Amino acid sequence: MATTALAVSAPTRRAGVRRFLRRFTLSARVAAVVLLLYGLIALTGPLWAPYSPFATGSVPFGGGSWTHLFGTDILGRDVFSRVVYGTRNVLYLSLTSTLLALLVGGAIGLASGLVGGWVDELLMRAFETIISIPLLVLALLAIAAAGPKLAGSSLLLILVVLLVYAPRIARMARTVAVDLVTRDYVTVARARGESVASIVWRELTPNAAGVLLVEFGVRAGYAPILISSLGFLGFGAQPPSPEWGLMISENRVAIVTAPLSVLAPAGALAVLVISLNLVTDGVARVLGRSVTRTP
Amino acid sequence: MNAAAARAAADPALVEVDGLTIDFWSNERWANVVNSVTFSLGRGEALGLVGESGCGKTTTALALLGFQRPGSRIRAGAIRFAGRDVARLSRRELQKLRGRRASLVPQNPATALSPGMRIGAQLIETMAVHRVGGSHRERERRALGLISQVRLPDPQRTAAKYPHQLSGGQQQRVVIAMALACDPELVVLDEPTTGLDVTTQAQILDLLRRLRDEVGMAMVYVTHNLGVVASICDRIGVMYAGDLVEDAPVAELFQAPRHPYTRGLIAAVPTIAAPHRNRAVTLRGLLRRDQLPPGCRFAPRCDFAEAACFEEPQTLLPVAERHAVACRRVDEIDRLAAGGDTADGAAPLRPAVAGDGLLDVIDLAVTYDRRARLSLARRPPTAIVRDITFDVRPRETFSLVGESGSGKSTIARTVGGLLRPLAGQLTFEGRDIAATVDSRSKKLRREIQLVLQNPDASLNPRQRVQEIVGRPLELFFGLRGKARRAEIEKLLEDVRLEGAFAGRYPDELSGGERQRVAIARALAARPKLMLCDEILSALDVSVQSDIVELLLALQDEHGLAYLFISHDLAVVRALSHRVGVLYLGELCEVGTAEQVYAPPYHPYTHMLLSAVPEIEGETVLSPAIRTDPGVASSRPQSACPFADRCPWKVGPVCDEIAPPWREAGGGHVLRCHLPLDELMRRAEDSALGVGAVEAVGADPSP
């Protein structure tokens, strides 16, 4: 298959790409384009954003105009520039934290399913205990426990998301592993005396990749909400960071008089989350898997 | 049969299939699956459709009922059932046809029955849908009648049971009863005994034979097992790559097959009577759907093919009365084959090296009961296998045979270090081997290798062949880069695969090729002992015979010993030096293949052997099998585990006292209360075709 793929001429390959794209639903394709735009904004935003996100000086709560596209906020900062700068913040935080949770949770889950016995029991009961605590309560507990020194740092936010998501991902990975370990190739690998790490990496991970990919998509789709919620409550990013949740919180007093200052970050967040979910749905459909959403 | 024959004479054709051509949509184009198949089926006639997997036999048979897989189309041809074209019937008309006039017995009875509905209710439902039998009470009565007709015990109670309360064989009986509920004219059976044990299979076949006499329905029996069709059908259609290549009465087909493919297919079937087949006739190569020539589709694999064979499409032409063959050289083949036939005679097994044991198993017991590890367990754990004692010598094949649930695989897994024995001793080359893989030395792990049953699951679908075969090289010998690549190529050559396979993924390989890769992976560790757990059971006969040949060659080349696990007695005979027969976790007979397959038999061995449907000769079922309840309780209550099913049971002594091991000479031992000369006499009385022939030559004195 691989050799024939190299031999085909350029037009057929392009047709192959088109056929691959056609397998995704229209909504997934549109959402993917939107996500690409977000990525582009995050990467290049600072190069073309009209103002610094921290520059004050204009009239507070000024409405939308050609100089301030989305108006100004409570301190007279340009909302458009802050939303643009915030994209980088939100994307960086949610993607790194979800990726980390996927690596940690996935590895623990697969290994736990493979090893079985009391190790598996212990880990899963511990994870279930963590999962049983409501999301935000757990996050707030963790932030409170970390103390004021770390408050508002990116590291703390990433670790909090890790704590919240890793157990959920681990449970999913374990379910997959429990099924996979009964396969003959795993039995043969065991009889060969392969280590747990080797079996997890060589035999389980490639076969669990589809499920884990979908799981990553679902989690990544919720991470911006979690991070922004923390920001809104004042436990996430600290002022004057242009984090969207924090912006909504700061400007919410003017929701009637200058609605753009709240709607712009909220809209940016909503579009991001919806796009992430649509793309995940599309990928899941192509992989032939169902998506279970448990935030 | 008389009634059926009379009906057949009155109206010759119940089903007429005329030029049926079916395509499947796959990989963005139409692929031909059934190609212009033409046959007819008289009333009360039984036709067997045989061929290797993917030859279109099931598709053809299901088309008779108007079933069409989604994404398939009937490109040409017609299927006339009692004069009407099934393909043109409306949905409503089809519903009237199916179940009422033509019914289906599918392969897996477990999925054919509704799990939440009682047996009786399911039977009544079938009748109610088709308005058969006037009132509910009448249908109930008829359902009970059907249950007793398929020889299920105690109809009243069976009707009240749920499917999961029945064994696989009993479930299949219920499915057959359902198929017969509305007195159909045609029953299509799609591999109905494939998942069942030999003894259960023999019972179902016996049942079908008797039902045909009683009911007189026509049957289309789809199977890959030539032995099964030989015992049940009047006529056989052989299919290859969508073509019907030969259509002939059973006796004629087996005595004088005319098409080269049929000849090869029959030659490939291992039989108990003649285990070492003439390999010159064996089919070579594989069916490659993407490389079919425009002419005869079998030409690429045919020993008699000429240039013209590749060009001219072949059609079924009569060669004798009721015998048609699709081969343009049919008249020359007998003459051509006669020349080549003698070139390579039967190749018997090379005798094993006599010497010290490689693997010694003494009084082994294994349990899955987890509580066994806790000293606080109140009752002793139930052992899955008990008192297992045998040895495997270097360069020898020792086989364990028995029905499913007899503990064959459990023993292999324990030897392979995947299960911890409850009691007993395992020694390898005289040294005690540690219980499980974790505590075994690397050398030991390398020297004992495992090859498992299912070719679909034995290879990681996300790894290329080179990674699969290369891993043991890396792990055990630290080979990397070029050296590793060279070794992989050599291993693939060893298992007769081209080097190009190294870059492929398992889903690009056929079942036989996958099993070769699995063998190459085991071989990569340079083992001394290979544990082969049912490695042939999922493969087609022609592929099976290739792998058997490969195993024998590898044994010669690499000095391997095999512990071979199988339920197929014919295959075991073909490649084993010694055989152990296992019943419900206990060995009941051990000896060389010749000794075990000839009298005196253990009663269970006798039952197994007489249950195998064979091509040659009429299979005569001993009454033992007919009365066999077919439900083996998983835990023996009696001292002799076989006492419940034993046709030769002596009396209470079997239930109370464990039978003694009896020496039959030459290392042949069996475990029974009956003395050897009595077993000998009984075996001869039952005139079991296969064994009796050889008994004449064997020394009857114990």
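The values are calculated or read from the model by the stated rules, or taken from the named source; none is laboratory data. Computed from a predicted model, the values in this text were never measured in an experiment. Glycine gets a Cβ as well: all are built from the backbone with ideal geometry, and neighbour counts include every protein chain shown.
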Exercise. If you go through the range B:40-64, how many residues are over 26 Å from the mean Cα position of the chain (by Cα) and among the aliphatic types (A, V, I, L, M)?
Worked result: 1
Exercise. So A:A209 fits all but one of (1) within 14 Å of chain B (Cβ to nearest Cβ); (2) without any contact (Cβ under 8 Å) to a residue 12 or more places away in the chain; (3) over 18 Å from the mean Cα position of the chain (by Cα); what number is the exception?
Worked result: (3)
Seminar exercise, completed: Across (1) under 14 Å from the mean Cα position of the chain (by Cα); (2) within 24 Å of B:N454 (Cα to Cα); (3) among the charged types (D, E, K, R), A:R192 clears everything bar (1)
For this session: Return a yes/no flag: does the range B:481-503 have any residue that is in contact with a helix residue (DSSP H, G or I) (Cβ under 6 Å, 6 or more places away or on another chain) and in a strand (DSSP E or B).
Result: no
Exercise. Does B:S90 count as under 30 Å from B:G19 (Cβ atoms), touching an Asp or Glu at 6+ places or on another chain (Cβ under 6 Å) and surrounded by fewer than 17 Cβ atoms within 10 Å (Cβ to Cβ)?
Worked result: no
For this session: For the range A:165-198, name all the residues that are away from chain B (no Cβ under 11 Å), in a helix (DSSP H, G or I) and of a type in the set (A, V, I, L, M).
Result: A:A166, A:I169, A:A170, A:M172, A:A173, A:V176, A:A177, A:V178, A:A197
For this session: Test A:G245 against the stated conditions and say whether it is more than 30 Å from A:G62 (Cα to Cα) and either of a type outside the set (F, W, Y) or modelled with pLDDT under 90 (or both).
Result: no
Exercise. Among the residues of the range A:236-249, is any of a type in the set (V, I, T), more than 14 Å from every other protein chain (Cβ to nearest Cβ) and within 30 Å of B:I468 (Cα to Cα)?
Worked result: no
For this session: Could you please let me know if B:L244 is within 30 Å of B:K96 (Cβ to Cβ) and surrounded by fewer than 24 Cβ atoms within 10 Å (Cβ to Cβ)?
Result: no
For this session: Those residues that are surrounded by 24 or more Cβ atoms within 10 Å (Cβ to Cβ) and over 24 Å from A:L230 (Cβ atoms), I need them from the range A:76-105; list them, please.
Result: A:D78
For this session: For the range B:432-452, enumerate the residues that are surrounded by fewer than 14 Cβ atoms within 10 Å (Cβ to Cβ), within 8 Å of chain A (Cβ to nearest Cβ) and at pLDDT 90 or above.
Result: B:K442
Problem set entry | the range B:217-241, subset touching a Gly at 6+ places or on another chain (Cβ under 9 Å), at pLDDT below 90 and more than 15 Å from B:L47 (Cβ to Cβ), residue surrounded by the fewest Cβ atoms within 10 Å (Cβ to Cβ) | B:H224
Problem set entry | Boolean, B:I565 is among the aliphatic types (A, V, I, L, M), within 14 Å of chain A (Cβ to nearest Cβ) and on the phi < 0 side of the Ramachandran plot | yes
Problem set entry | Residues of the range B:191-209 satisfying the condition of being in a helix (DSSP H, G or I) and among the small types (G, A, S) | B:A202
Exercise. Under 7 Å by Cβ, and 6 or more places apart or on different chains, what pairs join a residue from the range B:509-534 that is closer than 25 Å to B:L359 by Cα and more than 11 Å from chain A (Cβ to nearest Cβ) with one that is part of a loop (DSSP other than H, G, I, E, B) and charged (D, E, K, R)?
Worked result: B:R516/B:R496
Exercise. Small (G, A, S), within 25 Å of B:I547 (Cβ to Cβ) and at pLDDT below 90: does that describe B:S399?
Worked result: no
For this session: Output the number of the condition that B:A179 fails; it satisfies all remaining conditions of (1) touching a residue at least 60 places away in the same chain (Cβ under 8 Å); (2) not in a helix (DSSP H, G or I).
Result: (2)
Exercise. With A:S261, A:S229 as the choices, which residue is at pLDDT below 90, in a helix (DSSP H, G or I) and hydroxyl-bearing (S, T, Y)?
Worked result: A:S261
For this session: From (1) more than 23 Å from B:Q255 (Cα to Cα); (2) buried (at least 24 other Cβ atoms within 10 Å of the Cβ), pick out the condition that doesn't hold for B:A611.
Result: (1)
For this session: Would you please list the contacts, defined by Cβ atoms under 6 Å and residues six or more apart or on different chains, that run from a residue in the range B:12-36 that is closer than 23 Å to B:V245 by Cβ to a residue that is part of a strand (DSSP E or B) and of a type in the set (D, E, K, R)?
Result: B:E16/B:R80; B:T21/B:R75; B:D23/B:R73; B:D23/B:R75; B:W30/B:D23; B:N32/B:D23; B:N35/B:D243
Exercise. Residue check: is B:A524 within 30 Å of B:T194 (Cβ to Cβ) and either at pLDDT 90 or above or surrounded by fewer than 21 Cβ atoms within 10 Å (Cβ to Cβ) (or both)?
Worked result: no
